[in-house]
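Read the figures in this text as sums done on the coordinates, not as results from a lab. Because the structure is predicted, anything quoted here is derived from the model rather than measured. Every residue, glycine among them, receives a Cβ derived from its backbone with ideal geometry; neighbour counts consider all protein chains shown.
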Amino acid sequence: MRVLLINGSPAPEGCTYTALRHIATALEQEGVGARIFHIGTRPLSGCLDCGLCAESGRCVIEDSVNDFLDIADEYDGYVFGSPVHYAAASGAITSFMDRVFFLKSDRFAFKPAAAVVSCRRGGATTAFDQLNKYFTISNMPVVSSQYWNMVHGMDPEEVEQDIEGLQIMRTLGRNMAWLLRSIEAGRQAGIKPPKPEKWTPTNFIR
């Protein structure tokens, strides 16, 4: 079992990375492989709504979105991390996730996911809520912790002093490992995921 942790900060080893690293350590201590994937600092376009990803399974824009999609199927769970910019997730991770989840395929269905945010002071809960919406529209079990998944600090050194925040990260890692083992045990016992109904969209304006 392996988990892919996505660092949605422009800083490769900043506050968001520090939170993800503590989760990764907890996962590895539970026997679950973990890799941190940095979305990088190249410009990330928003979704073009071209629909071509439905044909190829990849985005027509060549950047870290396709780098992620090329390896995403190899992992059993995901953690998406972001700094808080203006009481919201970063623009880069928002564009990244808009495009990753635009296809609404079965690619991520029934794979556990979690969101993690880091901030200096305020706005963490709104960013946290924003990221969780990608999972809850994709049939993904959402992994929680003992408090909302957030750390506080201006730099990695301050994050390391957020004792409760780091405990939340460790607990999140252990909860993710437990859920992955539970899903695997169910699979071995012959328990299959629920069969999805055909999507029946409705519009409010006729």
query = Add -39500 (n - 2.57) for each DSSP H run of 4 or more in the chain, then divide by its residues: what number comes out at 222 nm, to the nearest 500 deg cm²/dmol?
reply = -12000 deg cm²/dmol
message = Suppose we flag GluC sites (Glu not before Pro) only when DSSP calls them loop and at most 10 other Cβ atoms lie within 10 Å. Which is the longest uninterrupted stretch of the chain?
response = 75-196
inquiry  = Can you say what percent of the DSSP beta bridges in the stretch 23-158, counting only those with both residues inside, are antiparallel? Round to 5.
reply    = 15
ask   = For the chain, what relative contact order do you get, as a whole percent, if you take Cα pairs closer than 8 Å and at least 6 residues apart?
value = 24
query = For the stretch 87-206, rounded, prolate or oblate, judged on the Cα gyration tensor with a ≥ b ≥ c (square roots of eigenvalues), a/c < 1.5 rounded, else prolate if a/b > b/c?
reply = oblate
inquiry  = Can you compute 3J(HN,Hα) from phi for each residue in the stretch 7-13, using the Karplus curve 6.51 cos²θ - 1.76 cosθ + 1.60 with θ = phi - 60°, rounded to whole Hz and x for Gly and Pro?
reply    = 8, x, 9, x, 7, x, 9
inquiry  = Whole angstrom only: what separates the Cα centroid of the stretch 30-57 from the Cα centroid of the stretch 104-148?
reply    = 16
ask   = Considering the Cα trace of the stretch 131-195, what is its radius of gyration and what is Dmax, both in angstroms?
value = 15.5, 48
message = Explain nothing, just the number: dipole magnitude of the stretch 2-188 about its Cα centre with +1 on each Lys and Arg Cβ and -1 on each Asp and Glu Cβ, in debye rounded to the nearest 20.
response = 380
Square roots of 5 times each gyration tensor eigenvalue, C-alpha, the stretch 1-95, largest first, Å = 24, 18, 9
ask   = With a ≥ b ≥ c the root eigenvalues of the C-alpha gyration tensor of the chain, is it rounded (a/c under 1.5), prolate (a/b larger than b/c) or oblate?
value = oblate
